[in-house]
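Enquirer: One structure, as structure tokens, below. Some questions next.
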Amino acid sequence: LVTSTGFCRVHGAYAVRMAEWYFSREDIERDSPSRMRGLSQENEMKLRREGAKLVTDIGHTLQLSVETIATGVVLFHRFYMCSSFTDFKHHVVAAACLFLSGKIEETPKKCRDILRILHPLIPESDFVAGFGSDPKETLLVHERILLQTVKFDLQMAHPYSSLLKFAKALSGDRVKIQKLVQTAWTFVNDSLCTTLCLQWEPHLIAIAVLHVAARMHKFTLQM
């Protein structure tokens, strides 16, 4: 629920300013709007993963940048901290998020291209139920709802830039460091299907994935 004062009511006890997009694990797993509407935690996490995967799959097919895809996924996760999966179909919101992220990251794609790629990825009955007789108009309406829900707060960063910056500061065998970064980069991609972007700032996620990758490769991190 977005109020006229620019607050997003995550649960009845308190409100969080729209610009503050970091939540506790309890906020996400127990007190999200979907949980308040009776959706189980397991089903909410499943729908989050499905939505993030749709954004990613469509983005890859359209050859969009990792930043555009990540922005779309973050928008998706943020939207459902203010709205319930029981009120908005996740495949429609996913399409709207990628459509908007293309504009934010200056890599815009047309509605028809996003819809064309999305259509075969979901059951026909789901597509019709979500988009109705005028899919383009439905997508544009959901883009406006998305903008209002996130209160036009479109500034965001992703772990990728921090990961590259930290990697440049590392000392040691550059070939090993490159493999380390590739593994860490994959971890960042995988994290998009989780709610880490709602819990931790991008540079902290970058540090964490570098640490895990270093342990996997038995590489000692030295600046």
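Enquirer: Could you list, ordered by first residue, the pairs with Cβ atoms under 7 Å in which the first is in region 187-214 and closer than 25 Å to N43 by Cβ and the second is part of a loop (DSSP other than H, G, I, E, B) and open to solvent by less than 20 Å² (accessible area, probe 1.4 Å), at least 6 apart or interchain?
Expert: L198/W21; L198/F23; L198/M81; Q199/F23
Enquirer: On to the next question. If a residue has to be open to solvent by 50 Å² or more (accessible area, probe 1.4 Å) and either of a type in the set (A, V, I, L, M, F, W, C) or not in a helix (DSSP H, G or I) (or both) to count, how many in region 53-72 make the cut?
Expert: Count: 1.
Enquirer: Does A96 meet the test of being within 21 Å of F152 (Cα to Cα), aliphatic (A, V, I, L, M) and at pLDDT 95 or above?
Expert: yes
Enquirer: Going by the conditions given, is L210 modelled with pLDDT of 90 or more and open to solvent by 60 Å² or more (accessible area, probe 1.4 Å)?
Expert: Spelling it out, it is not the case that L210 is modelled with pLDDT of 90 or more and open to solvent by 60 Å² or more (accessible area, probe 1.4 Å).
Enquirer: Among the residues of region 158-180, how many are among the basic types (K, R) and more than 19 Å from A208 (Cβ to Cβ)?
Expert: Number of matching residues: 2.
Enquirer: Which condition number in (1) at pLDDT 95 or above; (2) part of a helix (DSSP H, G or I); (3) open to solvent by 20 Å² or more (accessible area, probe 1.4 Å) is the one that C193 fails?
Expert: (2)
Enquirer: Of the residues A208, A157, A169, only one is in contact with a helix residue (DSSP H, G or I) (Cβ under 6 Å, 6 or more places away or on another chain) and among the hydrophobic types (A, V, I, L, M, F, W, C); which?
Expert: Unique residue meeting the criteria: A157.
Enquirer: OK, next. I need the full set of residues from region 30-42 which are surrounded by fewer than 17 Cβ atoms within 10 Å (Cβ to Cβ), assigned to a helix (DSSP H, G or I) and free of Cβ contacts under 8 Å to residues at least 24 places away in the same chain, in order please.
Expert: Q41, E42
Enquirer: Let me ask something additional. Say we look at region 154-190 and pick out the residues that are outside any helix (DSSP H, G or I) and crowded, with 16+ Cβ neighbours inside 10 Å; which of these is farthest from the chain's Cα centre (by Cα)?
Expert: Among those residues, the one meeting the criterion is L170.
The values are calculated or read from the model by the stated rules, or taken from the named source; none is laboratory data. Please read these numbers as outputs of a predicted model, since none were measured by experiment. Cβ: placed from backbone, ideal geometry, glycine included. Neighbour counts: every protein chain shown. Note: areas computed on protein heavy atoms with side chains; ligands, DNA, RNA excluded. Shrake-Rupley method; radii C 1.70, N 1.55, O 1.52, S 1.80 Å.
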